[in-house]
Amino acid sequence: MTGDTTTLDALSERYRQSIPDDLRETHDYGWYLELVREDPRVTRNAHQRLADMFDHYGTRYDESRGLVEYALATEDPLGDGANTFYGREIHEAIHEFVNKVKSGSRGLGPEKRILLLLGPVGSGKSDFDKQVRRYLEDYTLGDAGRLYTFRWTGLCDVIPDQDPGDDVVRSPMNQDPLTLLPQDQRDAVLEEVNEALAEPYTVRNEQSLDPESEFYMDRLLEEYDDDLASVLREHVEVVRLVADENKRQCIETFEPKDKKNQDETELTGDVDYSKLAVYGESDPRAFDYSGAFCNANRGLFSGEELLKLQREFLYDFLHATQEQTIKPKNNPRIDIDQVIVGRTNMPEYREKKGDEKMEAFNDRTKRVDFPYVLEYEEEAKIYSKLLRNADVPDVHVEPHTLEMAGLFGVLTRIAEPDTGAVDIVSKAKAYNGETDDLEDADAKKLREEGDDATDLGEGMDGVSARFIGDEIAEAIMESTHRGRAYLSPLLVFTHFEAHLPGHGSIGEEEVERYQRYLELVREEYKDRAIEDVRHALAYDVDEIRQQGEKYMDHVMAYIDDDTVEDDLTGRPVDPDETFLRAVEEQLDVPEDRKDDFRQEVSNWVSRRAREGAAFDPQDNDRLRRALERKLWADKKHNINFSALVSANDLGEERSGWVDALRDRGYSREGALEVLEFAGAEVAKSELEGA
């Protein structure tokens, strides 16, 4: 966008509107007490604020799955949908994570635990953690998520040895201003505000002031003869606090460094050597509150690859979780208030889980599994998102390309069924919700069996979406270099096959199995391509609708033991059982299951009618497929299969087939490829059967 909206003044105004009105203002302590009475939520603890943040951006209850979906993950309103998450497994993990935060907000125990996101590489745990940090920043910018801290002023007027540069000192731990009140007086305020708090939690604050603030409070109370009101009026200013990861303010990310150089001061802070000459070694003013736990106070601590830390280094997390304190070297304990989140991959987790010396640490963690996605159409949405967010060349992605890539990924992540009644592709389809044609594929039972057959559950190993996305990207670039304006499944399969053996995270023992799965995906794609070609050769929208209406008329008459009007004579006749079975047999519906199928379709039509929607066979996948296949059976005898296999002669008839495929989403070049790939199979099977 250009013009008036991108002038310096316009950009400045947009920035001004994005920040809180009182970001630069100071308030007296009496103002803050009144604010707490009006809106007790400003004094929430970190778990309470984070719990409310998830609800703030919107929720939707998925009744079929029994879980809450959060808009910050399903819609990404701040990013216009650029960072959405897909897959039942991921939303179950997010639901579990938020439930633990909400339990912690009520003081039920998880507030004293590390929330450990566990999953294989590329499963989305880091992206989710980043999303939470991003939304916490935005939440604290608005009124719903606002919070405040304080700063000391005029210290040099009272404390003789105070460094002039420290006349104004901000609360080094960004503590809530209520912490300045002695516990009895603080409890009286909280008791009053909790009576008016319409939330599922109670606002609490039992923290002690950090050692430096405690030092100033003691000296000032001594100066004012224990007149607390005078101290707070004359030497305390309340200021707005906004979470900011870059400023290391209320959000801190911690990454493990070289094991030999790990130092606990990275977490808990260290002596401020620039202040030693001024205040002396034992003075609390000579401490540097720059540790990760200090920076994360009032917000979120995010530990990347947490279990790669040395065992001794992890001991600092014991007090940080259970007692909610940190113990810097040669300094008093410091109270902390934060949600501690850790992320780890599978090898480190298995190593630490089997270490008896890690029992205390393991007991203080709440594991949240972040597996790979196990529904291949949801997996395909991940790749679509990657392409949507990138500067993709002018390359048309052909039908089935992303879905078949997703199917391959899913096959590598699920356990082989232990029954001969269901093969692994059918199992993947059942997980995808395609249970109508799979009589023996009970998705719930298959999931239970799959989890029992694996170490930590299905989806915790296999090929990552990152690997598949990389191969799709390579295939796109190859298409560009070769002057191809389309990306088809066949080219993506070629890249999978070429790069599986050399991928660093895929073991040699797995390559052969994955290649076998790739062949299964090729077969599945061939079946779908054949279906598309048949559709192009015989499809007629009006005829499908007419046949669909006829089928439903005869089904309703069959269920109601009624008659239908004959098209030619207008006389009442019995439902045409031969016609009904001709449609149903296209889906392999056996004779003893025909009543169930007819009732199912009838119920679907009734639901649509109650919703005010007109009947359209295109809206019911099973009925549509059955009608399409019957139409093919009726028309195939009139098709010139010689033209189908004549790749060098486009001709009028073949050109019409290309147009029909383009109506289904193919590019012209992609339509020609699928005609060549699947058309020969169609022609061969029909000519052999003739």
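Computed from the coordinates by the stated procedures, all read-outs in this text should not be read as laboratory data. These figures come from a predicted structure and were not determined experimentally. With ideal geometry, Cβ positions are generated from the backbone for all residues, glycine too; neighbour counts draw on all protein chains shown.
Using Cβ point charges alone (K and R +1, D and E -1), the dipole size of the chain about the Cα centre works out to roughly 900 debye.
So what's the angle, to the nearest 10 degrees on a 0 to 90 scale, between helix 88-105 and the longest Cα principal axis of the chain? The helix 88-105 is inclined about 20 degrees to the chain. Taking the average, over residues, of other Cβ atoms within 10 Å as the packing measure, peptides 566-575, 159-168 rank 159-168, 566-575 from highest down.
Of all beta bridges that DSSP places with both ends in the chain, some 50 percent have antiparallel geometry.
Less than 5 angstrom separates the built amide H of Leu67 from those of Asp62, all sequence-distant by 5 or more or on a different chain.
Computed from backbone phi, the HN-Hα couplings of segment 453-470 come to 7, 10, 5, 10, x, 5, x, 8, 8, x, 7, 7, 5, 5, 4, 5, x, 4 Hz, rounded to whole numbers (Karplus: 6.51 cos²θ - 1.76 cosθ + 1.60, θ = phi - 60°; Gly and Pro given as x).
Straight-line cross-link partners of Lys275 among the aspartates and glutamates, defined as a Cα under 16 Å from its Cα and at least 8 positions apart when in the same chain: Asp161, Asp163, Asp166, Asp167, Glu212, Asp283, Asp288.
Phi angles across segment 148-158 convert, under the Karplus curve 6.51 cos²θ - 1.76 cosθ + 1.60 with θ = phi - 60°, into 3J(HN,Hα) values of 9, 9, 9, 9, 7, 10, x, 5, 5, 6, 10 Hz, Gly and Pro given as x.
Ranked by the mean number of other Cβ atoms within 10 Å per residue, highest first, peptides 623-631, 411-419 order as 623-631, 411-419.
Looking at segment 1-64, the GluC sites (Glu not before Pro) that sit in a DSSP loop and have at most 13 other Cβ atoms within 10 Å of their own Cβ are Glu25, Glu63.
The trypsin sites (Lys or Arg not before Pro) found in segment 280-387 that occupy coil by DSSP, while having at most 16 further C-beta atoms within 10 Å, are Lys329, Arg333. Think of the chain as a dipole: +1 on every Lys or Arg Cβ, -1 on every Asp or Glu Cβ, centred on the Cα centre; then among Ala609, Leu35, Ser12, Ser12 lies furthest on the positive end. With the dipole of segment 51-107 worked out from charges on the C-beta (+1 for Lys and Arg, -1 for Asp and Glu) around the Cα centre, which of Phe97, Thr74, Gly107 lies farthest toward the positive end? Toward the positive end, the furthest listed residue is Gly107.
Once backbone amide H atoms are built at 1.01 Å from N, Ile251 has Asp244, Leu300 as its partners under 5 Å, excluding neighbours fewer than 5 places away on the same chain.
Taking the longest Cα principal axis of the chain as reference, the axis of helix 401-411 is set at about 70 degrees. Helix 46-56 and the longest principal axis of the C-alpha atoms of the chain enclose an angle of approximately 40°. The GluC sites (Glu not before Pro) of segment 146-233 meeting both criteria, a DSSP state outside H, G, I, E and B (loop) and at most 13 other C-beta atoms within 10 angstrom of the site's C-beta, are Glu206. Of all lysines in the structure, the ones whose alpha carbon falls short of 23 Å from that of Lys594, not counting any fewer than 8 places away in one chain, are Lys429, Lys550, Lys630. Database remark: amide H of Thr365 closer than 5 angstrom to the amide H of Ile114 (H placed geometrically; neighbours at sequence offset of 5 or more, or on other chains; Pro and chain starts carry no H). Residues with beta-carbon under 12 Å from that of Lys366, excluding Lys366: net charge, scoring Lys, Arg +1 and Asp, Glu -1? Around Lys366, the surrounding residues sum to +1. Projected label points at Phe579 and Arg106, each 7 Å from Cα along the beta carbon direction, are separated by 5.9 nanometres. With θ taken as phi - 60° and the Karplus curve 6.51 cos²θ - 1.76 cosθ + 1.60 applied, the whole-hertz 3J(HN,Hα) list for segment 310-320 is 5, 4, 4, 5, 6, 4, 4, 6, 5, 5, 4 Hz, x standing for glycine and proline. Over the residues of the chain, the helix contribution to mean residue ellipticity at 222 nm works out to -15000 deg cm²/dmol, using -39500 (n - 2.57) for each DSSP H run of at least 4.
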